[in-house]
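J.: The structure that follows is given in the form of structure tokens.
The values are calculated or read from the model by the stated rules, or taken from the named source; none is laboratory data. Since the structure is predicted, the reported quantities are computational estimates derived from the model, not experimental observations. As a convention, Cβ positions derive from the backbone with ideal geometry for all residues, glycine included, and neighbour counts pool all protein chains shown.
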Amino acid sequence: MCLGGVFYYNLFKWTFDEKLKQDIIETVKVYAPTMRNGLLKSPQAISFEEWDIMQALAKDERIAAILYLSRAGKVRWHKESRFIGRSWDEFQKDVPPPTDAIGQAYLAKLPKVRQVPKEPLYEIAIPFSVRGEIIGIIDVLVSKAGADVLIGSAMRKYIFGAIGVLFLLGLPLYFFFHHYVISPMETLRDSVETISLKNFDLRFPSKKDEIGDLAGAVSRLLGKMKMEIDGIVNRDKKYKDAEQKWWRSLLTTIVPGKEYVIVVDENNNILYANFELSGGMDAKNIHLLDVVDGQQQNLLRLVGQAFETPNRPVEGETVFRNQNLNVKVLHVGESSEMNRTLIMFYPKPGISM
């Protein structure tokens, strides 16, 4: 509606402005034969017929001022009688022309219209010629106030009409979009926000439209995501089970039965232990601190040193399972996402377990 208002305002303005200019030119052309005869018969003084025409034009509410020049460039008529009979050069000193319309009309021998700068006026200069020779010029200042009133009236009618159309068409369109577009989209948004990462179910009623197609696409995407995540979880579980078997086979072979071994992952969860954990716990999802309590500060310090010097064993002494044992800690792995820590307890020389 706003864009239409701008368009129609400029259209109305151009239409009424052009109509105003053309009306003034056509009005003067109606009197042109009489004024041309007067200029030819009496070049020095205005005739009674010309005087009546000037008076009639002066009463036109659209015309703000009139200047009538003869062939010799003298003022033939002006509303102020003191200028009548003066030459064009003298007249310009007292009343400078607002534009160059007179000069352009004299050179082109055609009517010329110019906008008066910073004023709601047009200057229209209309020459009278005989056999291609200029015998006189009438110059009128035309006010655009009347045209502005008509434009304002037309714009008010447009605004009232546009508001009426807005109510007649806008309300049904609003209810249509709210029922068939906005409300389903809000329902879809709420359904997406309530999606659980455990089942990835999209709870949205089936609809045979574009929004229903969108909901179906989202549901299919969630299904693919669930399959990918389940696949990754299963692969991780299989990999962890395989790694536990690998550690069990390896360490059972190379570690004597009198030594204790613990293998932990990057989160310090136990992957393998070659002994039965306290409380019947198995080596799955058990944290290192569940086996080694916080009182064994020496052991925790050795583990910290192993983290700081990966791939290099750190040795020391600690108390484990109520025994004074030597301990060796080895941290392997170059990245934080994939590393392992091997903790091995073994008896001191000369001490049997």
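J.: If you check 218, 233, 192, 181, which single one turns out to be over 33 Å from the mean Cα position of the chain (by Cα), part of a helix (DSSP H, G or I), of a type in the set (A, V, I, L, M, F, W, C) and not assigned by TED's automatic domain parsing to the domain that holds residue 271?
T.: The unique qualifying residue is 233.
J.: Give me the residue from the range 325-338 that is at pLDDT below 85 and not in a loop (DSSP other than H, G, I, E, B) and, out of that set, farthest from the chain's Cα centre (by Cα).
T.: Step by step, filter the range 325-338, then rank; the result is 333.
J.: Is there a residue being in a loop (DSSP other than H, G, I, E, B), assigned by TED's automatic domain parsing to the domain that holds residue 23 and small (Gly, Ala, Ser) anywhere in the range 46-62?
T.: Within the range 46-62, one or more residues are in a loop (DSSP other than H, G, I, E, B), assigned by TED's automatic domain parsing to the domain that holds residue 23 and small (Gly, Ala, Ser).
J.: At pLDDT 90 or above, of a type in the set (Val, Ile, Thr) and under 51 Å from the mean Cα position of the chain (by Cα): does that describe residue 165?
T.: Spelling it out, it is not the case that residue 165 is at pLDDT 90 or above, of a type in the set (Val, Ile, Thr) and under 51 Å from the mean Cα position of the chain (by Cα).
J.: Condition first: β-branched (Val, Ile, Thr), over 28 Å from residue 119 (Cβ atoms), without any contact (Cβ under 8 Å) to a residue 40 or more places away in the chain and in the same structural domain as residue 110 (by TED's automatic domain parsing). Can you find one or more residues in the range 72-81 that meet it?
T.: no
J.: Is it true that residue 55 is within 47 Å of the chain's Cα centre (by Cα) and modelled with pLDDT of 90 or more?
T.: In short, no.
J.: Now, a different point. Of all residues in the range 82-107, which are of a type in the set (Gly, Ala, Ser), assigned to a helix (DSSP H, G or I) and in contact (Cβ under 8 Å) with a residue 12 or more places away in the chain?
T.: Listed by number, the residues that qualify are 101, 105.
J.: Something else now. Has the range 124-139 got any residue that is touching a Ser or Thr at 6+ places or on another chain (Cβ under 7 Å), assigned to a strand (DSSP E or B) and farther than 21 Å from residue 23 by Cα?
T.: yes
J.: Which residue is surrounded by the most Cβ atoms within 10 Å (Cβ to Cβ), if the candidates are limited to the range 53-85 and must be farther than 22 Å from residue 143 by Cα and out of contact with any strand residue (DSSP E or B) (no Cβ under 7 Å at 6 or more places or on another chain)?
T.: 72
Conditions (1) within 30 Å of residue 117 (Cβ to Cβ); (2) at pLDDT below 80; (3) of a type in the set (A, V, I, L, M, F, W, C), marked per residue:
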residue: 151; (1), (2), (3): yes, yes, yes
residue: 176; (1), (2), (3): no, yes, yes
residue: 198; (1), (2), (3): no, yes, no
residue: 219; (1), (2), (3): no, no, no
